[in-house]
Amino acid sequence: MASRLFHIWSIVASVALTAAAPAARADGANDNRAFIMGLPKAELHVHLEGTMEPELYLVMARRNGITSRYATAEDVRNRLRDAHDLGSFIQIYEELVGVMRTEQDFHDVALAYFRKARSQGVLHSEVYVDPQLHLARGVPLATLYGGLARARADARHELGLDGAFILSFLRDRPADQAAQLLEESRPWFGSLIIGVGLDNPEVKDFPAKFASVYARAHALGLHLTSHCDVDQPDTVAHHWGVIHDLHVERIDHGLNVLNDPVLINEVRNRRIGLTGAPTLFYADIPGRMEYRAGAIAKLLDQGLLVTVNSDDPGMKRSLYVGDLLERVQQTTSMDRAHIVALARNSFEIAWITPAQRRAYLAMLERYVRNADKAQDRTDQIKLTVRR
Ligand code: ADE
Ligand code: ZN
């Protein structure tokens, strides 16, 4: 109880500090960036492995005695520029995660992400992890989850950030592998693993073949989400599939809900969250960020519970969630109220207790009020100086 109170207090204190930031700047663009960075927010769609920055990749390769094809971080970035679709991105992703071997590696990747996220206003984060990729290389589950548990504890103490993990199954692999992994992960359910997800390339049969695994995960008290990546073949059918066969509470990406008006109503009525990600690949195709940001704006306008997320920030040009909210605002006609609505949604669809939700939303509203007051004071001073 005492540590919980301390945790809430430390969040209040850090939010109070960041709330002062926007007014300290004179020019509008800096003001806006500071406002967005300090805005309390949750991040709900980010892959542990995809947060690995090229520099950390090299550190782990070296300390694990792995001979890498890449001598410098720039070499890794150049390799990432080869990704041009989901399949080619996943190939590189699976190659790069090969350097993650020890408990320390999992700890360091997670804590580096938590630090970066906290510096951009994230107070709560639910992070996807792909154990099958690591089990296949002989990494024991206890090594993986042990590193994540230590990073989570460090993030709480050092940063006042609440982290949790989503056990993800690879949807291009057999469902019985997923079923076995679910059972083997049970000792870590609760505070460390709070839900299950599906990722990797979007194969045709993916929602239905995981129906019994999802039913079991639900029975074990876990939350449910799944990727439906953007503009994949059969995307509308897959959206319906994750709703009807898997009973998900959220859809990762989910931007193609816009393709079907009946689906829009269904997602709205069921209060299903959509965790949008504006960035595509390292070598982003011109116009794609605008396309995705535009879809997020439309979904928000339609009253859906959509959020902005970084997905694979270390492998996609190091854009974290604050950067992305700023980019989304710049590439659409969103104003400050829209950005606040996106942050509000992130707490609305987070897998937290009602009391935590109320506390985070109250912090967010206080932050916005303080920023508005500070803006009014700045405007007053400018007026007085002009007179
Ligand atoms: N694994 C890492 N990032 C992913 C994404 N955006 N979609 C599916 N699988 C992924
Ligand atoms: Zn993703």
The chain: relative contact order from alpha carbon pairs under 8 Å, six or more residues apart, as a whole percent, is 21
Report ³J(HN,Hα) in whole Hz for each residue of region 304-318, in order, from the Karplus equation J = 6.51 cos²θ - 1.76 cosθ + 1.60 where θ = phi - 60°; Gly and Pro get x. 8, 8, 9, 9, 10, 9, 8, 6, 9, x, x, 9, 9, 6, 6
Run the Debye formula on the Cα coordinates of the chain, all scatterers equal and no solvent, and tell me log10 I(q)/I(0) at q = 0.08, 0.10, 0.11, 0.12 1/Å. -0.40, -0.63, -0.76, -0.92
Net charge dipole size for region 51-185 [Lys, Arg +1 and Asp, Glu -1 on Cβ; Debye, nearest 20]: 320
Cα centre as origin, Lys/Arg/Asp/Glu Cβ charges: region 137-282 dipole, Debye: 380
Residue-wise, which Karplus ³J(HN,Hα) couplings in Hz belong to region 323-334, taking 6.51 cos²θ - 1.76 cosθ + 1.60, θ = phi - 60°, and x for glycine or proline? 4, 5, 4, 5, 5, 4, 5, 5, 9, 10, 9, 5
Plugging the Kirkwood radius over Cα pairs into Stokes-Einstein for region 88-142, at a temperature of 20 °C and a viscosity of 1.002 mPa s, what D comes out in µm²/s? 170
Where Lys and Arg each count +1 and Asp and Glu each count -1, what net charge lies around residue 311 among other residues with Cβ under 12 Å from its Cβ? -3
Solvent-accessible surface (1.4 angstrom probe) belonging to residue 224, in square angstrom, nearest 10: 10
Report the dimensions of region 251-387 along its three principal axes from the alpha-carbon atoms, largest first, rounded to Å. 55, 40, 30
Okay, helix-only estimate at 222 nm for the chain: each DSSP H run of n ≥ 4 adds -39500 (n - 2.57), divide by all residues, round to 500 deg cm²/dmol; what do you get? -17000 deg cm²/dmol
Rounded, prolate or oblate (a/c below 1.5 giving rounded, otherwise prolate when a/b exceeds b/c) for region 232-293 by Cα gyration tensor: prolate
Report relative contact order for region 69-170 in percent, whole number only (criteria: Cα-Cα under 8 Å, sequence separation at least 6). 32
Debye, to nearest 20: dipole size of the chain, +1 on Lys, Arg Cβ, -1 on Asp, Glu Cβ: 1400
When you take every Cα atom in region 112-270, what is the radius of gyration, and what is Dmax, the widest Cα pair distance, in Å? 16.2, 46
What distance in nm lies between label points placed 7 Å from Cα along the C-beta direction at residue 82 and residue 179? 3.7
Once the mean of 1/r over all distinct C-alpha pairs in region 114-190 is inverted, the Kirkwood radius in Å reads 13.6
Can you pull the percent of the chain's accessible area that's carbon plus sulfur, 1.4 Å probe, other chains left in place? 55
Where the convex hull is taken over the Cα atoms of region 195-250, what is its projected area averaged over directions, in nm²? 3.4
For region 217-296, what relative contact order do you get, as a whole percent, if you take Cα pairs closer than 8 Å and at least 6 residues apart? 25
Cα gyration tensor of region 25-143, axes a ≥ b ≥ c as square roots of the eigenvalues: rounded (a/c below 1.5), prolate (a/b > b/c) or oblate? prolate
Rank by packing, highest mean first: peptides 58-70, 108-120, 226-238, 306-318, with packing defined as the count of other Cβ atoms within 10 Å averaged across residues. 306-318, 108-120, 226-238, 58-70
In region 263-387, taking the dipole from +1 charges on Lys and Arg beta carbons and -1 charges on Asp and Glu beta carbons about the Cα centre, the listed residue (318, 278, 361) farthest towards the positive end is 361
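The values are calculated or read from the model by the stated rules, or taken from the named source; none is laboratory data. Not measured: the values here are computed from a predicted model. Neighbour counts run over all protein chains shown; Cβ positions are idealised from the backbone, glycine included. Remember, those area values only see protein heavy atoms, side chains included, never the ligands or the DNA or RNA. Shrake-Rupley method; radii C 1.70, N 1.55, O 1.52, S 1.80 Å.
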